[in-house]
Amino acid sequence: MDAPEIHLLAAGGALPGPAVDNARLAGLFGADELWQQWVDVFIGTQTRHFAVDLETNEVRYWLADLGATAARRALDAAGLAAADVELVVLATSTPDQLMPATVNVVADRLGIDGVPTFQLQSGCTGAFQALEVARQMLLSGRHRNALVIGGDVCAKLLDVDRDRGRVRAEDLVNIAMFGDAAGAAVLSASPGPDSVLIRHLDLRLTGLGRAPGHTVQWWGPARRDEDGPGAAEDYKAIEERVPVMSAEVLRRILDELGWAGSEVDYLLPPQLSGRMTAKIVQRLGLPGAKEVSCVRETGNTGNALPFFQLERLLPLLGAGQRAVAVAIESSKWIESGFAVEKPGGRPGPGADPRSGSQDHDSFR
């Protein structure tokens with residue numbers, strides 16, 4: 001008896017407000033031209049979107065707003081209605097509030113009721129965790145269609161009312177690196193007209209005895225009565241460990257599936273920053289795979305990123321083509337990855353597996 005297969009039907013994303021480039025960001029926070037040039041070269045992110053109006057500190061979008069928009073786009077692309085959803089899973093490191101869970105607010109806005117809902121608290125690997133929870137529940141045979149959502153917003157971590165001349169350098173780096181967004185995907189136990197198969201999903205905690213590389217507090221920088229920053233990163237540890245961990249994930253996935261590196265047509269690498277992503281891609285050593293990245297245009301949007309990558313990937317995959325995605329979470333060092341394949345025979349020897357595809361090196 002053949003093992004059941006889980007299909008990825010569609011993906012969608014939602015970005016808040018207009019893009020903010022490095023020049024505008026520097027002007028808003030009183031940074032000089034040298035800082036802007038440093039961001040261009042050493043971070044490599046050109047634009048990002050914020051749920052907060054940086055001029056007024058007004059919150060324009062919450063995670064529930066973006067999550068509902070992304071979910072609608074994914075459902076529309078899958079040709080499904082809210083009534084077809086039998087399971088909802090959401091991953092975020094920045095829920096709108098502790099209760100009610102943001103996943104249930106999103107479900108309510110979509111008109112979804114009477115189904116299991118789950119909210120996972122995690123950083124960059126949360127989207128992969130949410131996909132795995134949905135995949136396993138679909139494999140149980142009790143559900144047919146699942147809506148998976150991931151996203152993050154920095155509303156509680158930005159305080160534009162502070163004296164901008166006193167903003168710490170590390171806070172400015174975070175503002176330059178990160179952005180806000182939500183993404184969604186529709187999984188099903190039944191194939192769709194243009195769906196792809198999820199061949200494998202790899203998740204494991206590897207942080208035993210390691211200090212966290214990224215921390216985010218429940219309180220934000222506006223809470224000046226608290227000690228320490230609202231968010232902090234160990235950039236040196238991240239730069240050293242993430243490329244190595246990414247290579248470990250890739251090797252495990254290829255070994256599990258019996259795929260050669262040359263048989264991977266598309267690579268969805270970790271989206272930490274433009275510069276870090278380029279470094280990781282080089283370390284992974286898949287020169288024949290087309291990179292699918294968006295971080296230079298969206299910034300690091302945490303749990304939304306894999307869905308933006310999938311949204312771009314799905315129209316590109318031809319029959320028999322394969323893609324591998326990798327994400328690393330530095331909070332307590334979590335490795336994750338998945339592999340997908342479009343049903344159909346692989347191209348013959350000498351054929352270009354990417355024939356007919358466009359040059360999509362960035363999100364837009």
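The values are calculated or read from the model by the stated rules, or taken from the named source; none is laboratory data. What you see is a predicted model, and the numbers here were worked out from it, not measured in a lab. Note: ideal-geometry Cβ built from the backbone for every residue, glycine included; neighbour counts use all protein chains shown.
Scanning region 247-281 for residues that are in a helix (DSSP H, G or I) and without any contact (Cβ under 8 Å) to a residue 12 or more places away in the chain, which turns out surrounded by the fewest Cβ atoms within 10 Å (Cβ to Cβ)? Residue satisfying both the conditions and the ranking: Asp255. Filtered by the rule that a residue be among the hydroxyl-bearing types (Ser, Thr, Tyr) and more than 20 Å from Gly213 (Cβ to Cβ), region 266-293 gives Tyr266, Ser293.
Residues in region 30-45 that are over 23 Å from Thr301 (Cα atoms) and in a loop (DSSP other than H, G, I, E, B): Gly30, Asp32. Taken over region 170-228, the residue count meeting the criterion of being closer than 29 Å to Phe50 by Cα and either modelled with pLDDT of 85 or more or basic (Lys, Arg) (or both) is 14. When residues in region 126-159 are screened for being touching a Ser or Thr at 6+ places or on another chain (Cβ under 9 Å), farther than 17 Å from Ala325 by Cα and assigned to a helix (DSSP H, G or I), 1 of them pass. All conditions but one from (1) surrounded by 21 or more Cβ atoms within 10 Å (Cβ to Cβ); (2) part of a helix (DSSP H, G or I) apply to Ala23; the one that does not is (1).
Only one of (1) among the hydrophobic types (A, V, I, L, M, F, W, C); (2) farther than 19 Å from Val173 by Cβ; (3) outside any loop (DSSP other than H, G, I, E, B) fails for Leu80. Which number is that? Exception for Leu80: condition (3).
For Gly13, the criteria (1) at pLDDT 95 or above; (2) over 30 Å from Lys279 (Cα atoms) hold in every case but one, which is (2). The sole residue among Ala70, Ala77, Ala127 that is in contact with a helix residue (DSSP H, G or I) (Cβ under 6 Å, 6 or more places away or on another chain) and closer than 30 Å to Ala278 by Cβ is Ala127. If you go through region 83-125 and keep only what is assigned to a loop (DSSP other than H, G, I, E, B) and charged (D, E, K, R), you end up with Glu86, Asp96, Asp113.
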